[in-house]
1. Select from the range 410-463 the residues that are free of Cβ contacts under 8 Å to residues at least 40 places away in the same chain and of a type in the set (S, T, Y) and write down the one among them that is nearest to Y97 (Cα to Cα).
2. State the number of residues belonging to the range 276-296 that are buried (at least 24 other Cβ atoms within 10 Å of the Cβ) and among the aromatic types (F, W, Y).
3. Kindly provide the set of residues from the range 16-48 that are touching an Asp or Glu at 6+ places or on another chain (Cβ under 6 Å) and among the aliphatic types (A, V, I, L, M), ordered by number.
4. Need a quick list: helices (runs of 4 or more DSSP H) entirely within the range 415-507 having at least 2 residues that are under 30 Å from D259 (Cβ atoms) and of a type in the set (S, T, N, Q).
5. Of the residues in the range 119-142, how many are surrounded by 17 or more Cβ atoms within 10 Å (Cβ to Cβ) and part of a loop (DSSP other than H, G, I, E, B)?
6. Tell me which residues, restricted to the range 256-276, are at pLDDT 95 or above, among the hydrophobic types (A, V, I, L, M, F, W, C) and more than 17 Å from C411 (Cα to Cα).
7. On the basis of being closer than 30 Å to A494 by Cα and touching a His at 6+ places or on another chain (Cβ under 6 Å), does A54 make the cut?
8. Within the range 335-372, how many residues are over 21 Å from F320 (Cβ atoms) and touching an Asp or Glu at 6+ places or on another chain (Cβ under 7 Å)?
Amino acid sequence: MAEDAYAPLKSIVIVGGGSAGWMTAAALSDALGKSCSITLIESEAIGTVGVGEATIPPIRQFNARIGIDEATFVKETAGSFKLGIQFVDWSRLGHSYFHPFGQYGAEFDKVPFYHYWMREALNGRVEGPIDDFSMCWAMAKAGKFARPEADRRKIQSTFDYAYHFDAGLYAAFLRRVSEARGVKRIEGRVTDVIQRGEDGFIESVTLDNGTSVSGELFVDCSGFRGLLIEDTLEAGYENWQHWLPCDRAVAVPCAKQSDITPYTRSTAKAAGWQWRIPLQHRTGNGYVHCSEFISEDEATETLMGSLDREAQADPRTLRFVTGRRKKFWDKNCVAIGLSAGFMEPLESTSLHLIQYGILRLIALLPDSEMSPLLAREYNRQTADEYARIRDFLILHYKATTRDDAELWRYCSAMEIPDTLQYKIDHFRNYGLLVADERELFANPSWIAVYMGQDIMPRRAPAITEMRDNVPVPQRMQMISQAMREAVAQMPTHADFLARHCPSPLAS
């Protein structure tokens, strides 16, 4: 046999459960089948963060890829549907806008619809925000939901959707799926990590009951601590708190409202922002804040005083530092989830970063050689993705005219990464969106935040003034009418849930 003969992995050990651990187990067991043993170690005594209840549309592809039926998933996780995020008081007090999962308007020419909307708005020929041409917002404010249609000629094809769900129930659901596919779960807390003497690779972990678990590849899903990637391998951490200053979150569930809104709400507060996430059995709430500008007691009091209904548990505080590991894959360990880094939940990217960390690992899966070249590529791609998401989040904080609180004065004046400033300059001057083709957040997302937070271009793209033969006002009126008619025919979000995926916990 040749010396470089392929030797596939025989064992993978996942340290940590929760969403990150069980998403990893489910995806790996689906991709690898029975060819590789997969063991997951978790301790019931160690709680999970469990506040990541809002998602973005790529989660649908992840669930479909690992064979999960949508209706079953929503039912099992007490979930609801999400058409986007409403941002309240971000650019200025008393103002709101909507970040939709879908395009604006409908294309009727070589020039994108939003370019024409800019031209009309800058010339005073459009009243109201660009939100008025979003199917997502039209549905959301009416409390309606239906799945998009495949026929691109219909206005009902112009939107997308994601989910709200109970993260604890999701992890439990994926555990059942994973164990049915052969994943072995071991209850216990890791107390020691054994490394190979010659190169520092992880050989095994020892549990609090003395059990030793060995493996070839280790996936660290241990949360903020980074038990393997940081405590053991000392991968290092890149701190982004100077751009994203919030470092605390107090979270509490409350009783559900009768109307389950099909969107997340993010309301800017004096020292951060508050989330509201409606599920079938409760509403998730949290106040993400900066400890430099408010105490934990004050943040808790603010949150508890602004709940829709009565609280269903005691509030709990999470501490974090926004940023990422300097290495996500080091030696034979890959960090996924909070052990890899933390992007505050402003745009619901936490589960997405887990998802793509897993899919990237599958694409670059090593053999027993554990090539450092694969690790290098994994780290490069993942670092770039974190930086692109980071810039989009910073935009929300930077683009504000609020001067009523110290946090917002700091954010409006802070220096920002050159990569973000370059994008803002293009949009402010020419109405142009410059982006990496790998951007998670596509053009409509950037438009939503730019315009929603008062970054309007000085002029529309030049080509819009050169196509004076296009009947833009008439086409815009037709789109508005089509949207109204389509929304009128849709069921309410609550009726859709009750008909297709009712949770037993909802009653």
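The values are calculated or read from the model by the stated rules, or taken from the named source; none is laboratory data. Computed from a predicted model, the values in this text were never measured in an experiment. Don't worry about glycine lacking a Cβ; one is built from the backbone with ideal geometry, like all the others, and counts go over all protein chains shown.
1. So, considering only residues that are free of Cβ contacts under 8 Å to residues at least 40 places away in the same chain and of a type in the set (S, T, Y), the one nearest to Y97 (Cα to Cα) is S412.
2. Qualifying residue count for the region: 1.
3. none
4. Filter on the range 415-507 gives 472-488.
5. 2
6. W275
7. yes
8. Counting residues in the range 335-372 that are over 21 Å from F320 (Cβ atoms) and touching an Asp or Glu at 6+ places or on another chain (Cβ under 7 Å) gives 2.
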